[in-house]
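Data first, discussion second: the structure below is written as structure tokens.
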Amino acid sequence: MTGPVTPPVTPPVTRTGGRPVVEVRDVRREFVVHRSAGGFRRTRHRVAAVDGVSFTISRGECVGYIGANGAGKSTTIKMLTGILVPTSGSLQVCGLEPTRQRARLARRIGAVFGQRSQLWWDLPLRDSFRLLGAVHRLPREAWETRRDECVELLDMGPFLDTPVRQLSLGQRMRGEVTAALLHSPDLLLLDEPTIGLDLLSKESLRSFLVRERRERGTTILLTTHDLPDIERLCERLLVVDHGQLVFDGPLAGLVSRVGAERVVVVDLAGPGPPLADIPGTTLRSVEADGMRQHLAFRPDETTAADVVAAVAARVPLRDLTVTEPDIEDVVRRLYTS
Amino acid sequence: MAEPTVAAAYRQIVRSRVAAQASYRTSFAVEVVSQVFIVLVEFVEVYAVFHQVDDLGGFDFAEVSLIYGLSVLSFGIADLVVGHLDQLPFYVRTGTFDALLLRPLSPLGQLVTSDFSLRRLGRVGTGIAVLAVALVAVDVDWTPARVLLAVVTPLAGAVIFSAIFVATSTIGFWVVEGMEFTNAFTYGGNYLSSFPFTVFGTAIRRFFTFVLPIGFVAYLPTLALLGRPEPFGWPDWLSWSSLPVAAVAGWLSLLIWRTGLRRYVGTGS
């Protein structure tokens with residue numbers, strides 16, 4: 001879960017005048033749950049899965065929607081797609097009211113939910129795409145162009161004629177993403193798109209999504225537990241906890257707010273003494289007689305450059321890497337702070 | 001090129017479902033034959049009864065066969081078109097139903113076209129055969145109105161059974177194990193509809209005519225075809241009313257379905 005932060009791609013298509021793609025205002029969603037109260041008695045409780053959430057997403061943004069399991073992520077996505085109606089508050093997606101205009105909205109958004117496959121289990125991807133083209137009432141040349149583009153970029157040629165039930169998870173996910181994009185939606189909703197994928201599949205999917213944004217200005221909202229997903233794709237994070245929005249801003253801002261530590265890993269030319277007194281750092285660990293040392297620092301107290309300069313002034317330096325805080329760790333600190 | 005229509009979307013889905021089943025030719029043939037066999041075994045039951053008695057509730061063998069033929073054909077068509085709606089609880093549990101809501105088509109339309117079991121054609125075909133033989137065997141004073149009634153009745157019956165399928169499968173939005181509930185009404189209704197209602201008590205006759213309109217599938221139209229008054233004094237026009245009753249039942253079932261869908265989306269509670 002570590003690695004240097006690559007700057008997120010800013011899409012060329014940013015329309016400032018138009019309405020936001022997503023407008024969520026003070027949305028609350030309650031569920032009735034029954035709890036056993038001894039014997040056969042049961043009591044009814046109203047539990048708010050989403051509790052007064054507000055945010056807007058502009059055209060072309062890519063937003064990471066982060067939170068622990070049960071924090072209210074899926075409920076929010078269901079409300080955005082019109083599968084679930086909010087108990088109170090207002091919600092607009094692509095200028096439409098999701099539950100009331102669900103069918104119209106379905107032609108403007110694409111969604112990839114883990115268990116909610118858009119593919120036909122017993123058909124090859126090629127046939128599923130053809131049917132989805134018909135379902136979305138697309139002219140043949142429109143969906144065929146789009147399909148060919150996705151098939152090439154996601155390298156789906158070798159398994160395009162294999163029944164979906166025989167595909168690997170990575171192959172199927174590529175098919176799902178194509179299915180969600182076949183009608184060129186304005187908004188793409190992704191629920192844990194890289195979960196369970198191997199490193200190579202993850203990276204090829206991320207590159208594809210980066211390109212999709214750059215070429216078409218598609219707005220993306222994704223939930224993930226994967227820090228590299230966020231680093232590569234999102235310039236903005238929404239963090240939910242217990243149904244409430246606890247953070248809205250860039251990844252870097254979140255890290256500084258919770259005071260999460262970055263770590264400089266230095267490789268020395270030879271064995272050296274523990275670097276316990278570099279200003280602004282704490283020595284996390286020492287490996288191989290001091291040839292590799294981990295120095296943690298808070299970004300608001302010092303910089304990686306200063307730390308490296310201080311180390312280089314003391315001992316001969318061979319190599320270094322800077323690692324970012326783990327997303328789970330960052331979010332956990334946010335909850336406890 | 002113009003934008004394709006909704007009808008074209010459904011047509012493509014149904015075609016792909018049919019093609020998927022046709023690719024398993026042997027199992028398809030076996031299933032069709034077994035459907036035919038089931039209907040014939042049921043019919044043997046009717047025959048066996050008439051081996052013992054000369055009439056059943058005031059109807060002779062040919063007349064009961066007519067009731068049976070109308071019932072089998074009506075249910076066969078409904079089962080072919082909407083019989084798999086009892087799978088709704090499964091769709092809800094696995095999240096498949098959410099996937100349908102993400103597409104710009106009616107979820108009911110998508111469910112109906114999602115699984116077209118061609119093997120159920122066996123029941124439809126046998127129903128047509130039994131009905132044709134019975135229509136020749138019974139003594140009908142054929143008028144244009146009666147010819148029309150004979151053609152329309154199986155369709156009206158199919159709509160009535162379809163309405164029961166749609167209305168009772170809606171339970172799937174509330175109850176995880178809703179399939180048994182649906183089947184109790186649909187298969188139970190199918191069984192009852194193949195009898196002359198004169199063998200039942202008053203309460204049952206009333207319930208299965210005015211609450212669950214099973215009597216309009218076969219028993220009442222058969223009276224109209226035979227030109228016979230209802231033995232318990234119901235007006236004659238009731239025997240001719242299957243089509244409007246089917247229309248009302250179909251409309252009500254769609255209302256119930258929409259209520260269930262609203263409940264699923266959470267507008268209701």
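Counting alpha carbon pairs within less than 8 Å and at least 6 residues apart, what relative contact order, in whole percent, applies to chain B?
Reported relative contact order: 25 percent.
So how tilted is helix A:169-181 from the main axis of chain A? Cα-based, degrees 0 to 90, rounded to 10.
Value to nearest ten degrees: 60.
Just the Cα atoms of region A:181-337: what Rg and Dmax do they give in Å?
Cα-based Rg and Dmax for region A:181-337 come out at 19.2, 61 Å.
What percentage of the solvent-accessible surface of region B:224-263, computed with a 1.4 Å probe over protein heavy atoms, is contributed by carbon and sulfur atoms?
70 percent
Ignoring ligands, DNA and RNA, what accessible area per residue does region B:1-129 give at 1.4 Å, in Å²?
That works out to 45 Å² for each residue.
Quick one: if the Förster radius is 25 Å, what FRET efficiency do residue A:216 and residue A:155 give, using the C-beta to C-beta distance and rounding to 0.05?
Approximately 0.80, to the nearest 0.05.
How far is helix B:144-169 tilted off the main Cα axis of chain B, in degrees rounded to 10, range 0 to 90?
Helix B:144-169 sits at roughly 40 degrees to that axis.
Once you average over the residues of A:133-140, how many Cβ atoms of partner chains fall within 10 Å of each Cβ?
Mean partner shielding for this stretch: 6.
Before I look further, what does region A:12-140 give for accessible area per residue, probe 1.4 Å, in whole square angstrom?
About 46 Å² of surface per residue is accessible.
Return the FRET efficiency for the residue pair residue B:129, residue B:187: r is the Cβ-Cβ distance, R0 is 25 Å, and the value is rounded to the nearest 0.05.
The pair residue B:129/residue B:187 has a calculated efficiency of 0.70.
I'd like to compare B:52-63, B:116-127: which one has the highest average count of other Cβ atoms within 10 Å, and what's the full order after that?
B:116-127, B:52-63
If you take the accessible area of B alone plus A alone and subtract the pair, what total do you get in square angstrom, rounded to 100, with a 1.4 Å probe?
2600 Å²
Quick check: net charge around residue A:169, other residues with Cβ under 11 Å of its Cβ, Lys/Arg +1 and Asp/Glu -1?
Local net charge: 0.
Given a 10 angstrom Cα cut-off, can you work out which residue in B:78, B:184, B:158 is the most mobile in a GNM of chain B?
Fluctuation is largest for B:184.
Please report the Cα spread of the protein assembly as shown along all three principal axes, rounded to whole Å, starting with the longest.
Cα extents, longest axis first: 113, 56, 51 Å.
How large, in percent, is the carbon and sulfur part of the accessible surface of chain A at a probe radius of 1.4 Å?
51 percent
Of A:217, A:93, B:35, which is farthest towards the positive pole of the protein assembly as shown's charge dipole, taken about the Cα centre with +1 and -1 on the beta-carbons of Lys, Arg and Asp, Glu respectively?
It is A:93, whose Cα lies furthest towards the positive end.
If you take every residue apart from residue B:36 with its C-beta less than 13 Å away from the C-beta of residue B:36, what net charge results, scoring Lys and Arg +1 and Asp and Glu -1?
It works out to a net charge of +1.
With Cβ to Cβ distances under 15 Å as the rule, what net charge do the other residues near residue A:139 carry (K, R +1; D, E -1)?
Computed value for this residue: +2.
Using +1 at the C-beta of Lys and Arg and -1 at the C-beta of Asp and Glu, which of A:133, A:34, A:311 has the Cα lying farthest in the positive direction of the dipole of chain A?
Of the options given, the answer is A:34.
About the Cα centre, and with charges only on the beta carbon of Lys, Arg (+1) and Asp, Glu (-1), how big is the dipole of the protein assembly as shown? Nearest 20 debye, please.
Magnitude of the dipole: close to 1180 debye.
Of the listed peptides A:304-317, A:55-68, what is their order by residue-averaged count of other C-beta atoms within 10 Å, with the highest listed first?
A:55-68, A:304-317
Taking the Cα centre of region B:118-269 as the origin and placing charges on Cβ (Lys, Arg +1; Asp, Glu -1), which of B:182, B:265, B:200 is farthest toward the positive end of the dipole?
Going by the Cα projections, it comes out as B:265.
Helix A:125-135: angle to the longest alpha-carbon principal axis of chain A, degrees 0 to 90, nearest 10?
60 degrees
Skipping prolines and chain starts, which residues have an amide H placed within reach, meaning under 5 Å, of the one on residue A:65, given they are 5 or more residues away or on another chain?
Here A:222, A:223, A:224, A:238 satisfy the definition.
Which of the residues in region B:91-121 show a loss of at least 20 Å² in accessible area from their chain by itself to the complete set of protein chains, at a probe of 1.4 Å?
B:94, B:95, B:98, B:99, B:101, B:102, B:103, B:104, B:105
For region A:49-194, what is the relative contact order in percent, using Cα pairs closer than 8 Å and at least 6 residues apart in sequence?
It comes to 27 percent, rounded to a whole number.
If you count only protein heavy atoms with a 1.4 Å probe, what accessible area per residue comes out for region A:203-337, rounded to a whole Å²?
44 Å²
Given R₀ = 45 Å, what would the calculated FRET efficiency be for residue A:203 paired with residue B:28, taking r from the Cβ atoms and rounding to 0.05?
Efficiency, rounded to the nearest 0.05: 0.50.
May I ask you to give the percent of accessible area on region B:1-109 that is carbon plus sulfur, with a probe radius of 1.4 Å?
Here carbon and sulfur together make up 66 percent of the probe-accessible area.
Per residue of B:18-28, how many C-beta atoms from partner chains lie within 10 Å of its own C-beta, taken as a mean?
For peptide B:18-28, the averaged partner shielding equals 1.
Taking all protein chains together and a probe of 1.4 Å, list A:291, A:173 from the most accessible to the least accessible.
Solvent-accessible surface, decreasing: A:291, A:173.
The values are calculated or read from the model by the stated rules, or taken from the named source; none is laboratory data. The structure displayed is predicted, hence computed values, not measured ones. Please note: Cβ atoms are built from the backbone with ideal geometry, for glycine as well, and neighbour counts cover all protein chains shown. Ligands, DNA and RNA are stripped out before the accessible areas are found, and what is left, the full protein with its side chains, is counted by its heavy atoms. Shrake-Rupley method; radii C 1.70, N 1.55, O 1.52, S 1.80 Å.
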